[in-house]
1. Out of all DSSP beta bridges with both ends in region 88-193, state the antiparallel percent to the nearest 5.
2. When the distances between all Cα atoms of region 73-162 are binned every 10 Å from zero, what whole-number percent does each bin get?
3. Give me the distance in nm between label points sitting 7 Å out from Cα along the Cα-to-Cβ direction at R163 and Q117, one decimal.
4. Report the full-extension gain for the segment R103 to H88: residue separation times 0.36 nm, less the Cα-Cα distance, to one decimal in nm.
5. Mind checking the full-extension length gain between E171 and A32? Use 0.36 nm per residue of separation minus the Cα-Cα distance, one decimal, nm.
6. Trypsin sites (Lys or Arg not before Pro), restricted to region 89-153: which are DSSP loop and have at most 15 other Cβ atoms within 10 Å?
7. Estimate the FRET efficiency between V189 and K47 by the formula 1/(1 + (r/R0)^6), using the beta-carbon distance for r and 35 Å for R0, to the nearest 0.05.
8. Please give the length that would be gained between A3 and W40 if that part of the chain were fully extended, namely 0.36 nm times their separation in residues minus their C-alpha to C-alpha distance (nm, one decimal).
Amino acid sequence: MTARRRMVLVWGQHLLLLAGCSALGYCAIAIADATRYQAWARDQMRKAGLASAEIATNRSSADISQPAPLRLGSGMDLVGRIDVPRLHISAMVVEGTSSRILRVAVGHIPGTALPGQAGNVALAAHRDTFFRHLGELKSGDLIRVTVPGGQYLYSVKFTDVVRPNETWVVEPSTGQLLTLVTCYPFHYVGPAPERFVVRARRLPGD
């Protein structure tokens with residue numbers, strides 16, 4: 001091996017090491033940001049829930065306003081929290097699906113119903129963060145969505161894999177549905193070509 005070739009290999013190793021360290025650093029920062037936001041959002045929703053309970057004791061049910069995202073001054077409006085007990089998934093839900101939002105939370109797809117409203121509540125998250133175990137859901141599994149002053153329970157009806165242009169998954173519904181969307185395949189390098197969809201229906205008397 002010539003000295004020049006040896007030098008190229010050494011520099012190549014250094015560049016790969018630097019790239020690997022940079023990737024690990026980015027992941028660490030992203031995880032820290034998400035963890036910090038999730039803790040802060042949970043505390044804000046707890047406070048909002050206490051305030052809602054106090055208001056409810058002084059109003060009739062007809063006076064209670066319709067569900068709406070909490071405007072917290074962070075530039076991201078808090079919708080609530082989603083829990084999937086069997087898969088140990090628990091994450092805060094924020095209005096919108098921008099890259100900034102999906103980096104730290106589950107996003108509520110604009111234009112779809114809000115939890116507690118009639119229609120199709122559609123939520124999205126990355127396949128390698130909050131929805132990484134979504135593919136393990138089975139028919140009959142329970143999903144709980146909590147908002148300040150309310151809690152709604154859904155039962156999974158089916159899962160499916162669709163193309164990104166199949167917009168039927170977020171179309172309005174006359175019933176009370178919950179749709180979860182993430183990229184698919186779950187283990188894929190680069191932008192995933194398909195979407196994994198979970199459809200659930202709200203249980204009566206939840």
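Laboratory data are not the source of any read-out in this text; all were calculated from the coordinates shown. On a predicted model such as this, the values are computed, not experimentally measured, just so you know. Cβ sites come from the backbone with ideal geometry, for glycine too, and all protein chains shown count toward neighbours.
1. 45
2. 16, 52, 30, 2
3. If labels sit at R163 and Q117, their model points lie 3.0 nm apart.
4. 3.5 nm
5. Gain on extension, E171 to A32, equals 46.6 nm.
6. K138
7. 0.25
8. Residue separation times 0.36 nm, minus the Cα-Cα distance, leaves 7.8 nm.
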